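Bear in mind these aren't lab numbers, they're just calculated from the coordinates by the rules spelled out. Quick caveat, the model's predicted, so the values are computed rather than measured. Glycine also receives a Cβ, built like all others from the backbone with ideal geometry; neighbour counts cover every protein chain displayed.
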Protein chains: 2
Amino acid sequence: MPRRHDPERRQRIIDAAIRVAGRDGIAGLSHRTVAAEADVPLGSTTYHFATLEELLVAALRQANEGFGKVLAELLPDGGRGDLAADLARALGEWLTGDRTGVELEYELYLAALRRPALRPVAAEWTEQAAALLARRTDPVTARALLALMDGICLQVLLTGGSYDEEYARTLLARLIP
Amino acid sequence: MPRRHDPERRQRIIDAAIRVAGRDGIAGLSHRTVAAEADVPLGSTTYHFATLEELLVAALRQANEGFGKVLAELLPDGGRGDLAADLARALGEWLTGDRTGVELEYELYLAALRRPALRPVAAEWTEQAAALLARRTDPVTARALLALMDGICLQVLLTGGSYDEEYARTLLARLIP
DNA sequence: ATCCCATGTGTACGAGCGTACACAACGCAT
DNA sequence: ATGCGTTGTGTACGCTCGTACACATGGGAT
């Protein structure tokens, strides 16, 4: 039996959970599905994560850390260029190609509505993003830009339509005083 | 045995489903929970709605119709007053007191991300609201205002914080050209 | 009055679920 | 080497679920 005393067992389970949630949604996440995806026995997931919610929190937190890094790259600090254009481009890169990440992000948002345990994770993400944006504008505008970006993302995801970067740039620009 | 051949049986089931979804979330919605809430036998819900998704669609569609009416009242047609102020006030009335309606609305969004069958329902709601707003501004601005309102709602719901109407009014005003 | 069929009801089945728990294996301090 | 505590594993229990289906019932066309 290989992989006995696997030092990264816990991490492998988290990674598998992210894959499952990205593929089937949070609803498809169970101890069994994660165990199968991670190729570990059922008892292993229950050992490392006593409750399913604990596993969910760990997975979503790690997923969000990844998103934060991406956003930080797309929003260089020194830039004094057109903030609206930068954000619109960032949204574009986020929404084109593999949308797994975005979908997971909004699933976290909306799942947090019903599960208080997820509230802090969602709040962390918002704070982090707001702080990044606040380097280029005032805090109030930063939060407003985030709100508008959230709304635009939702509209794109829900209508299944395509993303119009120029449209987003125009509207974001209106929010910047 | 009362209520045999209940002509409003189907409607009563839908109403019960809305109550259940509002209380426990869409996740808490099952044939059995709805049947119990509606005080009808299990077989009755499966007869009127072959699949659970069918029931979900019917319930959310009806819930959204209600929201549409409320929004129509809050946004009188003739008004040429301060649109941003009107919207901020509408958001306030929506977010204060019983938040069941708002939560259900965003749960619909969430569910629609993963269930294509719900996509049209969510799209309907957006179209309807956009049409209402377009009576007071241009269509592009209308959609942008909706997006920003969605984002603000999410932030309020997730941070569990209180709603600042003046803050919302200021930001909405920036979007109106 | 009779018959048909939409409607209503109860029960059963198989599956997946979270969780608990007894037991196995192994690193490590002693 | 020996014992112990952490880590890993397999199985079982009780529950809820969606769905299917056989049977009951009664309104309305004939």
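Please report, in whole Å³, the volume per residue of the convex hull around the C-alpha atoms of segment B:2-63. Each step should come with its number before you reach the end.
Numbers: hull volume 4.3 nm³, N = 62.
For segment B:2-63, the hull spanned by Cα atoms encloses 69 Å³ per residue.
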>> Suppose you put the label 7 Å out from Cα in the Cβ direction; list, shortest first and in nm with one decimal, how far residue A:170 is from each other copy's label.
In response: 2.7
> Where the label is 7 Å out from Cα toward Cβ, how close does residue B:134 come to the same position in every other copy, in nm, shortest first?
Replying inline: 3.9
> Could you give P(r) for the protein assembly as shown, binned at 20 Å from zero, as whole percent values over all Cα-Cα pairs?
Replying inline: 27, 55, 17, 1
> If you plug each phi of segment A:50-61 into the Karplus form 6.51 cos²θ - 1.76 cosθ + 1.60 with θ = phi - 60°, what whole-Hz ³J(HN,Hα) values come out, in order, with x for Gly and Pro?
Replying inline: 4, 10, 5, 5, 4, 5, 4, 4, 4, 5, 5, 4
> Looking down the axis that turns A into B, which residue of A has the closest beta carbon, and how many Å out?
Replying inline: A:110, 1
> Using the Karplus equation 6.51 cos²θ - 1.76 cosθ + 1.60 (θ = phi - 60°), what ³J(HN,Hα) coupling, rounded to whole Hz, does each residue of segment A:12-23 give in order, writing x for Gly and Pro?
Replying inline: 5, 5, 4, 4, 4, 4, 5, 4, 4, 5, x, 7
> Within segment A:58-124, which trypsin sites (Lys or Arg not before Pro) sit in a loop by DSSP and count at most 10 neighbouring Cβ atoms inside 10 Å?
Replying inline: A:80
> If you place +1 on the Cβ of every Lys and Arg, -1 on the Cβ of every Asp and Glu, and leave all else neutral, what size is the dipole of chain B about its Cα centre, to the nearest 20 Debye?
Replying inline: 420
> If you average 1/r over every pair of different alpha-carbon atoms in segment B:61-175 and take one over that average, what Kirkwood value in Å do you get?
Replying inline: 14.5
> What nm distances, shortest first, do you get from the label point of residue B:96 to those in the other copies when the point sits 7 angstrom along Cα to Cβ?
Replying inline: 4.5
> Most exposed first by the Cβ proxy, i.e. fewest other Cβ within 10 Å, how do B:109, A:106 rank?
Replying inline: A:106, B:109
> Taking every pair of alpha-carbon atoms in segment A:1-128, what share in percent sits in each 5 Å bin, from 0 to the bin with the longest distance?
Replying inline: 2, 10, 19, 19, 17, 13, 9, 6, 3, 2, 0, 0
>> Taking the beta-carbon count within 10 Å as an exposure proxy, list A:49, A:67 from fewest neighbours to most.
In response: A:67, A:49
> Any idea how far the Cα center of segment B:1-76 sits from the one of segment A:122-142, in Å?
Replying inline: 40
